[in-house]
Amino acid sequence: MIRPASEADLAAIRHIVRTTIEAVYPQYYPQGAVQFFLSHHNDEAIRKDLAAGCVYLCEDGTQPAGTVTIRGNEILRLFVLPEYQGHGFGRALLDLAEQEVAKQYAEIRIDASFAAKAIYLKRGYKETAYHTIRTENGDFLCYDVMHKPSPSA
């Protein structure tokens, strides 16, 4: 089940985001980049999106499994707990996000981490830009900006 998240879901969303980053991202990024991701998806950023009503929570029964944020035509903060990955939760969240974006926009944008890039390529997203951010210890965070036409376009 996917539902709009509320301020009461902050702890669950924080847990999903932090746990997923800490488990998956070290396989793709140096420590400085992992720390950047953790800082970027801090409580203040999550609260701001919760207040704007653009965060969704996916649950397996009553257990939080994943989350996604939709801001304008951008899909952000799409995370699924490691134990729920490979069971369709990410696909369901991405389906919902794409449908929501398509209601108002002809194109969808997503910033893809190395960990998720292959998933987005399979979904028809195309790379439109490549960025690097210098992080702690001289490490670099690299990611692709990706776009695809909305399903209704």
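The values are calculated or read from the model by the stated rules, or taken from the named source; none is laboratory data. As the structure is a prediction and not an experimental result, all values here were calculated from the model. Neighbour counts are summed over all protein chains in view; Cβ atoms, including those assigned to glycine, are modelled from backbone coordinates with ideal geometry.
Residues in region 1-37 that are of a type in the set (D, E, K, R), more than 15 Å from the chain's Cα centre (by Cα) and exposed (fewer than 14 other Cβ atoms within 10 Å of the Cβ): 3, 7.
Among the conditions (1) touching an Asp or Glu at 6+ places or on another chain (Cβ under 9 Å); (2) more than 21 Å from residue 20 (Cβ to Cβ); (3) among the hydrophobic types (A, V, I, L, M, F, W, C), the only one that residue 106 does not satisfy is (1).
Results for (1) within 15 Å of the chain's Cα centre (by Cα); (2) charged (D, E, K, R), shown as yes or no for each residue.
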| site | (1), (2) |
| --- | --- |
| 48 | no, yes |
| 73 | yes, no |
| 98 | yes, yes |
| 111 | yes, yes |
| 117 | yes, yes |
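Comparison of 97, 118, 102, 112 shows that the only residue that is of a type in the set (A, V, I, L, M) and loosely packed, with under 13 Cβ neighbours inside 10 Å is 118.
Return yes or no: is residue 107 farther than 22 Å from residue 144 by Cα and over 12 Å from the mean Cα position of the chain (by Cα)? Answer is no for this residue. I want to confirm something. Restricting to region 97-119 and keeping residues that are touching a helix residue (DSSP H, G or I) at 6+ places or on another chain (Cβ under 8 Å) and assigned to a helix (DSSP H, G or I), which single residue is modelled with the highest pLDDT? Residue satisfying both the conditions and the ranking: 119.
Considering each residue of region 121-144, count those that are among the charged types (D, E, K, R), touching a residue at least 40 places away in the same chain (Cβ under 8 Å) and surrounded by 20 or more Cβ atoms within 10 Å (Cβ to Cβ), and give that number.
Filtering region 121-144 down to residues among the charged types (D, E, K, R) leaves 122-123, 126-127, 134, 136, 139, 144.
Checking the rest, the ones that are also touching a residue at least 40 places away in the same chain (Cβ under 8 Å) come to 136, 139.
Next, from what is left, pick out any that are surrounded by 20 or more Cβ atoms within 10 Å (Cβ to Cβ): none.
Of the residues in region 121-144, 0 are among the charged types (D, E, K, R), touching a residue at least 40 places away in the same chain (Cβ under 8 Å) and surrounded by 20 or more Cβ atoms within 10 Å (Cβ to Cβ).
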